[in-house]
Amino acid sequence: MNANSTNTRFSLFDELDRGLNHLVTEVLNQDVCKGANPALTVLELENTYVVECDLPGVRLEEINLLVEDGVLHISGERAAPDDGEKHVTLNERTYGKFSRKLKLSKDVNSEGVDAELGNGVLRISIPKSDRIVPRQVKIRNSNG
């Protein structure tokens, strides 16, 4: 075996290694992008549904909230920080556009939806329709 065939062989392995590394990096980046959509918690209370959406680092003006055709749309964009002269050695945060859609139950009053942003959590209150909210019925005395 001569030296040239050995160098060609190692060159081929180096090329394969670079290709596989590139492929793995692309797959991992796609998985990270899937995680860019904010996590949700949906709670059902007696009179209201509450949706809590994790949006750390997102400013109020970067969030859009819309109720349309029985669907709650949460969207916006998490802006990447301007690191300027800093050299970032590790970044697991995701940046860019996000969007979540939730089909609302027919038992909600979409006119009464209320939302607030605090401590990186968007809290959306969706009142239940009057027709399904339990209410205490007062019993009258018919004896006078």
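The values are calculated or read from the model by the stated rules, or taken from the named source; none is laboratory data. Just so we're clear, the structure is a prediction, and the values are computed from it rather than from any experiment. Because the Cβ atoms are built from the backbone with ideal geometry, glycine has one as well, and the counts that use them run over all protein chains shown.
Working only within region 34-46, note down all residues that are modelled with pLDDT under 90 and outside any helix (DSSP H, G or I).
Result: G35, A36, N37, E46.
Looking at region 63-79 only, could you name the residues that are more than 16 Å from I124 (Cα to Cα) and surrounded by 12 or more Cβ atoms within 10 Å (Cβ to Cβ)?
Once the filter is applied, which keeps residues that are more than 16 Å from I124 (Cα to Cα) and surrounded by 12 or more Cβ atoms within 10 Å (Cβ to Cβ), region 63-79 yields E77, R78, A79.
Check V133, V88, V121, V58 and return the single one that is over 16 Å from N37 (Cβ atoms) and either modelled with pLDDT of 85 or more or surrounded by 12 or more Cβ atoms within 10 Å (Cβ to Cβ) (or both).
V133
If only one of D69, D31, D17 is within 23 Å of K128 (Cα to Cα) and modelled with pLDDT under 90, which one is it?
Going through D69, D31, D17 in turn, the sole match is D69.
Answer yes or no as to whether S142 is in contact (Cβ under 8 Å) with a residue 12 or more places away in the chain and among the polar types (S, T, N, Q).
no
Can you name the residue in region 107-118 that is hydrophobic (A, V, I, L, M, F, W, C) and in a strand (DSSP E or B) and is also surrounded by the most Cβ atoms within 10 Å (Cβ to Cβ) among such residues?
Here the residue is V108.
Among the residues that make up region 88-104, is at least one of them under 16 Å from E44 (Cα atoms) and among the charged types (D, E, K, R)?
yes
Would you tally the residues in region 97-106 being exposed (fewer than 14 other Cβ atoms within 10 Å of the Cβ), out of contact with any His (no Cβ under 9 Å at 6 or more places or on another chain) and not polar (S, T, N, Q)?
Count: 3.
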